[in-house]
1. For Glu52 and Leu24, calculate 0.36 nm times their separation in residues minus their Cα-Cα distance, and state this gained length in nm to one decimal.
2. Read phi for every residue in region 34-46 and hand back ³J(HN,Hα) as whole Hz from Karplus 6.51 cos²θ - 1.76 cosθ + 1.60, θ = phi - 60°, with x for Gly and Pro.
3. Efficiency by 1/(1 + (r/R0)^6): what FRET value for Trp10 and Leu45, r their Cβ-Cβ distance, R0 = 22 Å, to the nearest 0.05?
4. Give the angle, between 0 and 90 degrees and rounded to the nearest 10, that separates the Cα long axis of helix 15-25 from the longest principal axis of the Cα atoms of the chain.
5. Contour minus end-to-end for Thr87 and Ala104, with contour as 0.36 nm per residue of separation and end-to-end as the Cα-Cα distance?
6. If I compute Rg and Dmax of the Cα atoms in Å from the structure I just sent, which labelled value in [x] 16.0, 59; [y] 13.1, 38; [z] 20.4, 55 lines up?
7. Taking amide hydrogens as modeled 1.01 Å from N in the peptide plane, which residues meet the under 5 Å criterion relative to Leu44, leaving out close sequence neighbours?
Amino acid sequence: MLSSFTLCAWGQPEFLHLLRADLLAQDVLFAPLQSALEHGSYALLDNVTLMELNRRENNQLLCMDLGVSYASTIPGCACQGDPAPETELPEYTMLRIQIERVSAIFSLQILIQ
């Protein structure tokens, strides 16, 4: 469930910032981002950026397609002299969030993998 602050910010400039904070606080971004990896093997959530691609609404639902930029890594053994030091790799995917207006319950769906 999204916070009332986030829900009230729909259509406002601060919506994406509040949405990102809510999604990270509820730990719901890792699974879809992990399954959408193309370059690395472990999704990193430190620098997740959300971009609005499409927004629509009706009497019951708010719906937004999001471009999500984030990073991944290929973990090594982290030993001294490890020939494959951990580096961050750029990742991108698209998610759709659907939010029920009354309850603020939401669902996330991966649009591209």
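1. Working: separation 28, 0.36 × 28 = 10.08 nm, distance 1.71 nm.
Roughly 8.4 nm would be gained on extension.
2. 4, 6, 9, 4, 10, 10, x, 10, 8, 6, 10, 9, 4
3. Details: r = 23 Å, r/R0 = 1.05.
E(calc), rounded to 0.05, equals 0.40.
4. That works out to roughly 60 degrees.
5. Details: separation 17, 0.36 × 17 = 6.12 nm, distance 3.72 nm.
Gain on stretching Thr87 to Ala104: 2.4 nm.
6. Looking at Rg and Dmax of the Cα atoms in Å for this model, the match is [x].
7. Ala71, Ser72, Thr73
Read-outs throughout are calculated quantities, based only on the coordinates presented, and are distinct from any laboratory measurement. Note that the structure is a prediction, hence the values are computed from the model and not measured. Note that we place each Cβ from the backbone using ideal geometry, even for glycine, and neighbour counts take in every protein chain shown.
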